[in-house]
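Visitor: Handing you this structure, nothing more for now.
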Amino acid sequence: MILATGGSTSNVHFRRMFDPRLTEVYQVGGEPYTFQDASGELAAMAIGASLWGLGNQMLENGATIRAHRAIGTRYNYFVWDVHCPIFPLVRATGLAVKHWQDLILVNQLGQRFYDESKGDPPHGNVSNDIEPYTPGDYRNSANITYDPTHYNYFNAAMAMNAASQPPDYTAGPIWAIFDAETVARNQWRVTPPHVDPDSYFFSAHTLAALAVTITNPYQAISMDGATLEATVARYNAFVDAGTDVDFGKPMPPYKIQTPPFYAAWATPNVHDTRAGLRINAQGQVMDMQGQVIPGLYCGGESAGGFNQHGLGRCTTQGYIAGKHAAAERPTA
Ligand SMILES: Cc1cc2nc3c(=O)[nH]c(=O)nc-3n(C[C@H](O)[C@H](O)[C@H](O)COP(=O)(O)OP(=O)(O)OC[C@H]3O[C@@H](n4cnc5c(N)ncnc54)[C@H](O)[C@@H]3O)c2cc1C
């Protein structure tokens, strides 16, 4: 048997073993049309399989947690096409962010936590780039640009930490805050089906009113109007001064000052499963004693111990596991 069930990131109890802050608020790449529910891992664990490479899920390389350029819709991996067959599930296209200088991001308390422009090129949403990268070259490690200000797990974690609340210490959503001038600059249409006003997009004529309007299943506490007003006033002062002394956003150009004001869902995705079942080099699943579980193989995102994004890892491991499993088959 070969387990290739695609990982565990949609299983909130499972992913919280890696970091308790990964609560229900975070959507997963592939949802809401496919769920990485950990069913393969759980079935194997029930017969004694070991997990492996657990640290990989939270390491600061690659974009395991990602912010994408769509806001105002829950499943914000893309700006969706209204004609796609799963549109009834996603409900709104989302608004395409061209420049993160156009807005600020706040946690559920209404506080900024990072330089939003780090989401713009050349940084994008990937951290710790190796430049130049030469396969197999020992100098690669010296060419890593470690930039903790990239919007990746580290930054999401800052928001998580800043607003984490008992009893379950959920940090709540991240909201993009902007004004009527932002909407005009981007020619956004802020009505359905472009935004989802059912808990993922809000507007009001004052910032104080906007804060208390935000109601969402994942917002653990109400946002305080005075906090959001203070955050925006401080940011507008940075625009006047030309310097963001809190997070170093370079020359923030636009004040947030013209009503109506908006709050759009901008919570990142948990994208990859990088921890899973322990396998050996033949793809055989191993137990807690380090012994092979006879006849059980695994590959892809359900396998642990190989810290790489995407199809390359999955198809290679599938090939290896399939080849060895086929060789094990008794001949007639
Ligand atoms: C939106 C998105 C974009 C991506 N873009 C890229 C990209 O550009 N390049 C790249 O390299 N990678 C990309 N990836 C990652 C890549 O798609 C995955 O790493 C890869 O598909 C994982 O392969 P897998 O075989 O492990 O699992 P999957 O491809 O997830 O396959 C698992 C299969 O098992 C089925 N399954 C699950 N549980 C059970 C069960 N209990 N019983 C029976 N069947 C079950 C599922 O329905 C599914 O068909 C992307 C992923 C997403 C979500």
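Visitor: Only counting other Cβ atoms within 10 Å, I'd like CYS314, CYS84, CYS298 sorted with the fewest neighbours first.
Guide: On the way: CYS314 20, CYS84 13, CYS298 29.
With the sparsest Cβ surroundings first, the list reads CYS84, CYS314, CYS298.
Visitor: Let me ask something else about it. Once both axes come from the Cα atoms, what is the angle between helix 153-163 and the longest principal axis of the chain, in degrees from 0 to 90, rounded to 10?
Guide: Its long axis makes an angle of about 60 degrees.
Visitor: Also: Note the angle between two axes, namely the Cα long axis of helix 225-241 and the longest principal axis of the Cα atoms of the chain, as a number of degrees from 0 to 90, rounded to the nearest 10.
Guide: Orientation of helix 225-241: about 80 degrees from the principal axis.
Visitor: Can you list residues from other chains, or at least 5 along the same chain, whose modelled amide H is less than 5 Å from the amide H of THR93?
Guide: Here the answer is HIS194, VAL195, since their amide H atoms fall under 5 Å of that of THR93.
Visitor: Here is a further query. Going by how many other Cβ atoms sit within 10 Å of their own, how do ILE177, ILE221 line up, fewest first?
Guide: On the way: ILE177 25, ILE221 11.
With the sparsest Cβ surroundings first, the list reads ILE221, ILE177.
Visitor: Oh, and also: Excluding GLY305 itself, calculate the net charge of residues whose Cβ lies under 11 Å from the Cβ of GLY305, where each Lys or Arg counts +1 and each Asp or Glu counts -1.
Guide: Numbers: positive: ARG274, ARG278, ARG313; negative: none.
So the surrounding residues net to +3.
Visitor: Using θ = phi - 60° and the Karplus form 6.51 cos²θ - 1.76 cosθ + 1.60, what ³J(HN,Hα) does each residue of the stretch 267-280 get, whole Hz, x for Gly and Pro?
Guide: These are the phi-based 3J(HN,Hα) values: 7, x, 9, 7, 9, 10, 9, 10, 10, x, 6, 6, 10, 9 Hz.
Visitor: Now, a different point. Let a ≥ b ≥ c be the square roots of the eigenvalues of the Cα gyration tensor of the stretch 202-284; is it rounded (a/c under 1.5), or, if not, prolate (a/b larger than b/c) or oblate? Write down the numbers at each step before the final one.
Guide: Working: a/c = 3.73, a/b = 1.86, b/c = 2.00.
Note, shape of the stretch 202-284 comes out oblate.
Visitor: Let me ask something additional. Hey, got the dipole for the chain? About the Cα centre, +1 on K and R Cβ, -1 on D and E Cβ, debye to the nearest 20? Spell out each step's value before the answer.
Guide: On the way: 21 positive and 29 negative charges, 97 e Å.
Magnitude of the dipole: close to 460 debye.
Visitor: What is the sum of charges around ASP272, taking Lys and Arg as +1, Asp and Glu as -1, for the other residues whose C-beta is under 10 Å from the C-beta of ASP272?
Guide: Working: positive: ARG66, ARG274, ARG313; negative: GLU301.
Overall, the nearby charge balance is +2.
Visitor: Using the 10 angstrom Cβ neighbour count as an exposure proxy, how do MET288, MET58, MET223 rank, fewest first? Walk me through the numbers before you get to the answer.
Guide: On the way: MET288 11, MET58 16, MET223 26.
Least to most surrounded, the residues fall as MET288, MET58, MET223.
Visitor: While we're on this one: Of all the stretches in the chain, which is the longest one without any exposed loop site, taking chymotrypsin sites (Phe, Trp or Tyr not before Pro) in a DSSP loop (any state but H, G, I, E, B) with at most 14 other Cβ atoms within 10 Å? Please list the in-between numbers first.
Guide: Values: sites that count: TYR33, TYR133, TYR146, TYR169.
That gives 170-332 as the longest site-free run.
Visitor: Sticking with this one: Name the residues whose placed amide hydrogens come within less than 5 Å of the amide hydrogen of HIS68, ignoring near sequence neighbours (fewer than 5 apart) on the same chain.
Guide: For HIS68, whose amide H was placed from the backbone, the distant partners under 5 Å are ASN269.
We did not get these values from a lab; they are worked out from the coordinates using the rules stated. Everything numeric in this text was worked out from a predicted model, so none of it was measured. Here Cβ is always computed from backbone atoms with ideal geometry, including for glycine, and neighbour counts include all displayed protein chains.
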